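Comments concern the structure below.
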Amino acid sequence: MQFGRYYEEFEVGAVYKHWPGKTVTEYDDHLFCLLTMNHHPLHLDAHYAEETTQFKRNVVVGNYVYSLLLGMSVPDVSGKAIANLEVESLRHVKPVFHGDTIYGESEVLGKVESKSKDDRGIVQVETRGYNQDGTLVCIYRRKVMVPKRSYGEARGGEQPGRPVPNGT
């Protein structure tokens, strides 16, 4: 299974459909809120959400949706990354609710070779997240520094750092 890409493998215009999707549970949402200290009742208090919001139910915290999509994109986009350089934009287009399933895809918008080091380059991608109905819920753009094949070969190939079994 491929885990990330070398710079040479990215093609502008390519779209990577991330698989599988993830169904967001109440537990996922609440745990993320508590871990990140986001205690807004919109995400944690069902009574509050029902009584005071237009959706009448809890909304999944947006940074969890973004984080989920970022994680989904790693095998296709940044699995070999040297560094995540920048998140250029992030928009939460529609709300996500407990029980929604999120699917993601990333499109390569551009790529440039590094000006200072010839063994790497910078790839710009746009990642889009959809729910089970195909509704766009989140979209963001980021730049990732990825190695060229020569960088990977100099550091152990496809699985750098993996030990060689010694047979004992």
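The values are calculated or read from the model by the stated rules, or taken from the named source; none is laboratory data. If you're wondering where the values come from, they're calculated on a predicted model, not measured in any experiment. Quick reminder, even Gly has a Cβ in these numbers, built from the backbone with ideal geometry, and neighbours come from all protein chains shown. Quick note on the areas: whole protein, heavy atoms, side chains included, nothing else; ligands and nucleic acids left out. Shrake-Rupley method; radii C 1.70, N 1.55, O 1.52, S 1.80 Å.
Figures for the structure shown
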item	result
Subset of region 56-85 (residues that are touching a helix residue (DSSP H, G or I) at 6+ places or on another chain (Cβ under 7 Å) and open to solvent by 80 Å² or more (accessible area, probe 1.4 Å))	Lys56, Arg57, Asn84
Residue, surrounded by the most Cβ atoms within 10 Å (Cβ to Cβ), within region 143-168, restricted to residues that are farther than 24 Å from Ala14 by Cα and among the hydrophobic types (A, V, I, L, M, F, W, C)	Ala154
Selected residue (only one of Glu88, Glu9 is touching a residue at least 24 places away in the same chain (Cβ under 8 Å), closer than 19 Å to Val123 by Cβ, open to solvent by 50 Å² or more (accessible area, probe 1.4 Å) and charged (D, E, K, R))	Glu88
Any hit, region 133-142, residues being charged (D, E, K, R) and crowded, with 17+ Cβ neighbours inside 10 Å	yes
Which numbered condition Asn38 fails, given (1) open to solvent by less than 70 Å² (accessible area, probe 1.4 Å); (2) at pLDDT 95 or above	(2)
Candidate set: region 97-118, residues that are out of contact with any Gly (no Cβ under 8 Å at 6 or more places or on another chain) and in a loop (DSSP other than H, G, I, E, B); chosen: the one nearest to Gly71 (Cα to Cα)	Asp100
Test: residue in region 107-115 that is open to solvent by 30 Å² or more (accessible area, probe 1.4 Å), closer than 19 Å to Ala83 by Cβ and free of Cβ contacts under 8 Å to residues at least 24 places away in the same chain	yes
Helices (runs of 4 or more DSSP H) wholly inside region 1-91 containing at least 1 residues that are under 22 Å from Lys111 (Cβ atoms)	62-73
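Okay, residues lined up against (1) at pLDDT below 95; (2) in contact with a Cys (Cβ under 9 Å, 6 or more places away or on another chain); (3) aromatic (Phe, Trp, Tyr):
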| residue | (1), (2), (3) |
| --- | --- |
| Leu42 | yes, no, no |
| Val61 | no, yes, no |
| Tyr64 | no, yes, yes |
| Ser73 | no, no, no |
| Val77 | no, no, no |
